[in-house]
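Each reported figure results from applying straightforward, stated rules to the coordinates on display, with no laboratory input. None of these values were measured; they are calculated from a predicted model. Note: ideal-geometry Cβ built from the backbone for every residue, glycine included; neighbour counts use all protein chains shown.
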Amino acid sequence: MRPFPGAYLRFIQLFNAGKYWESHEVLESPWRENRSRFYRGIIIYASAFVHAQRGNPRGVRKQLLKARRYLEAYRPHYLGIDVDRLLAHAARCLEVVSGDAPPEGPALARAIPFDRLTLDARLVRGDEPELADGP
């Protein structure tokens, strides 16, 4: 198996450090080059947490719904990520922001369960075109 692409590894590292905007930015260029719908989905997923940090429930909801549309096709796992788990986490976050009066501002940032992404080589299918991007 080829190693994970460097930009993808950096995305995961920044995402897990709570630097959602920066993670989004680091994967933007590779996405523009390879047009990976998976990359697009996780970029949008990261942007939902930018909105959570900013206390914007409407932005969280909009981005999570969009990310779900992109990522559903990659179930159960893809490129080392448990997509089923990621989508279950997105559903929990959607519950927080989908009520009649979702929390806003700092209350939203406290209410949202911020995610951490784990790469597992056993969850690589082997047919991911992103692996051809190399390190």
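Descriptive notes on the structure:
- The trypsin sites (Lys or Arg not before Pro) of segment 46-135 that DSSP puts in a loop, and whose beta carbon has at most 13 other beta carbons within 10 Å, are Arg116, Arg125.
- P(r) weight above 18 Å for segment 6-124, C-alpha pairs, percent: 47 percent
- Selected from Asp82, Asp100, Asp120 as most flexible by GNM, with the chain as the system and alpha-carbon contacts under 10 Å: Asp100
- Whole-number percent relative contact order across the chain, with pairs defined as alpha carbons under 8 Å at least 6 apart: 31 percent
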